[in-house]
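Enquirer: Let me begin by handing over the structure; questions about it come next.
The values are calculated or read from the model by the stated rules, or taken from the named source; none is laboratory data. Note that the coordinates shown come from a computational prediction; the quantities given were computed from them, not determined experimentally. Because the Cβ atoms are built from the backbone with ideal geometry, glycine has one as well, and the counts that use them run over all protein chains shown.
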Amino acid sequence: DEDNELDPRIQVELEQLNNCTDLINKLEIELDEANTTFRILLKDSMRRLKVMTCKLGSCIDRARPYYEAVEIARKAQLECQKAAVQFQRANGIHQAAKETVALAEARFLSKQNEWQFDNAWQEMLNHATTKVTEAERQKSESGREHQKRAMLFNLAEQKVISLEKKIRVSVMKSRPYFEEKEVCQGQLNAQKRRIDQIQSEIVKAKKEYSQALRRLELISEEIHLRRRDKSGSVSPSPPTGPREPGVGAELDSSHLEEAGCYSHLGNPLINDSRKNAECDGAASPWDLEREMERADLRSLGSISVATSSAISESDDLEADVVDENILLQVMALRKLRKLALKENDLLTIKSPFLP
């Protein structure tokens with residue numbers, strides 16, 4: 001029976017869904033491993049830098065302006081190189097546009113007895129001249145930008161030289177620390193790029209999963225309408241309104257910002273607690289020393305909390321001691337009152353016999 005035959009497209013889309021599910025689960029496992037590696041690298045880097053900080057002492061802070069100036073000079077050099085490349089490109093475009101106009105004029109002059117200077121020639125020359133003007137403008141702008149970047153790079157270099165002369169001893173003594181910091185920063189940046197790559201692959205796989213799921217829905221609606229038209233009877237119509245998104249069909253990229261926020265498509269091997277895991281490497285631009293300062297602040301905060309709790313406990317103990325002393329005094333007063341009452345009773349009883 002034709003109606004009972006399974007549409008071959010359904011099998012194709014189901015296989016696509018299964019493949020996407022396997023791929024997403026595999027990528028999420030890789031993402032967890034990459035995040036774990038990042039955290040291990042961060043901890044190890046902070047430990048090594050703290051050891052070197054204790055070993056080298058205050059020369060690190062004295063030499064820090066020099067190494068910051070070196071970094072600024074390096075970035076200025078890169079910007080200057082980019083501006084130089086842009087200027088060379090604009091200059092080449094300008095030369096090519098000028099040659100085009102010159103070639104067109106030369107060809108027309110050589111054939112002016114045979115060709116007529118009509119509207120087509122006029123339009124072509126106007127277009128070529130406009131290109132020359134635009135290329136010249138871009139060349140001037142890129143030339144000014146290159147001069148500006150070159151001046152900034154020169155100033156940054158002069159500052160580096162001045163600081164090196166001023167704090168040469170501290171610079172030489174603290175060099176191992178900053179070299180180690182650069183190595184650690186490079187390792188962390190490489191791991192962060194790996195995390196970003198896996199995240200983009202997960203987004204792509206989830207989009208393919210969503211598209212396959214949507215195609216399955218369309219096939220289902222098509223089969224339903226075909227059967228209804230064949231039977232000629234009024235059968236229950238498919239539900240109106242938008243369908244709820246299937247598992248893994250989320251398309252909103254805002255839900256994919258964190259590493260552990262992806263659903264696992266029913267894989268029982270993946271722990272649900274990973275949904276709340278944070279991607280340490282996907283955060284905004286950060287610095288290794290800033291992370292160390294945050295860790296120090298967290299440790300100081302825990303110490304202050306422990307100290308305050310100890311003080312509050314000692315206050316409670318002192319309050320208990322004070323309360324106990326007051327209670328003892330009240331009990332002693334009550335005993336004295338009882339003794340006084342007993343003495344009064346005795347005096348009352350013995351008074352008739354007193355002389």
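Enquirer: Restricting to segment 155-175, name every residue that is over 15 Å from Glu68 (Cβ atoms) and surrounded by 13 or more Cβ atoms within 10 Å (Cβ to Cβ).
Expert: Once the filter is applied, which keeps residues that are over 15 Å from Glu68 (Cβ atoms) and surrounded by 13 or more Cβ atoms within 10 Å (Cβ to Cβ), segment 155-175 yields only Lys173.
Enquirer: Moving to a separate point now. Which condition breaks for Ala190 when tested against (1) within 36 Å of the chain's Cα centre (by Cα); (2) over 30 Å from Gln86 (Cα atoms); (3) exposed (fewer than 14 other Cβ atoms within 10 Å of the Cβ); (4) of a type in the set (A, V, I, L, M)?
Expert: Unmet for Ala190, out of (1) within 36 Å of the chain's Cα centre (by Cα); (2) over 30 Å from Gln86 (Cα atoms); (3) exposed (fewer than 14 other Cβ atoms within 10 Å of the Cβ); (4) of a type in the set (A, V, I, L, M): (2).
Enquirer: When you look at Arg62, is it within 30 Å of Glu164 (Cα to Cα) and part of a helix (DSSP H, G or I), yes or no?
Expert: yes
Enquirer: Of these, Glu250, Glu201, which one is modelled with pLDDT under 90 and either hydroxyl-bearing (Ser, Thr, Tyr) or within 23 Å of Asn19 (Cβ to Cβ) (or both)?
Expert: Step by step, each of Glu250, Glu201 is checked, and only Glu250 is modelled with pLDDT under 90 and either hydroxyl-bearing (Ser, Thr, Tyr) or within 23 Å of Asn19 (Cβ to Cβ) (or both).
Enquirer: Please pick out the residue among Arg215, Arg194, Arg227 that is of a type in the set (Lys, Arg) and either touching a Lys or Arg at 6+ places or on another chain (Cβ under 6 Å) or at pLDDT below 90 (or both). I'd like the intermediate steps shown before the answer.
Expert: Details: Arg215 fails: either touching a Lys or Arg at 6+ places or on another chain (Cβ under 6 Å) or at pLDDT below 90 (or both); Arg194 fails: either touching a Lys or Arg at 6+ places or on another chain (Cβ under 6 Å) or at pLDDT below 90 (or both).
When all the criteria are applied, what remains is Arg227.
Enquirer: Within segment 116-133, can one find any residue that is within 25 Å of Arg149 (Cα to Cα), more than 40 Å from the chain's Cα centre (by Cα) and modelled with pLDDT under 90?
Expert: Going residue by residue through segment 116-133, those that are within 25 Å of Arg149 (Cα to Cα) are 133.
Those still in the list that are more than 40 Å from the chain's Cα centre (by Cα) too: 133.
Subsequent filtering for residues that are modelled with pLDDT under 90 retains 133.
Yes; the residues of segment 116-133 include at least one that is within 25 Å of Arg149 (Cα to Cα), more than 40 Å from the chain's Cα centre (by Cα) and modelled with pLDDT under 90.
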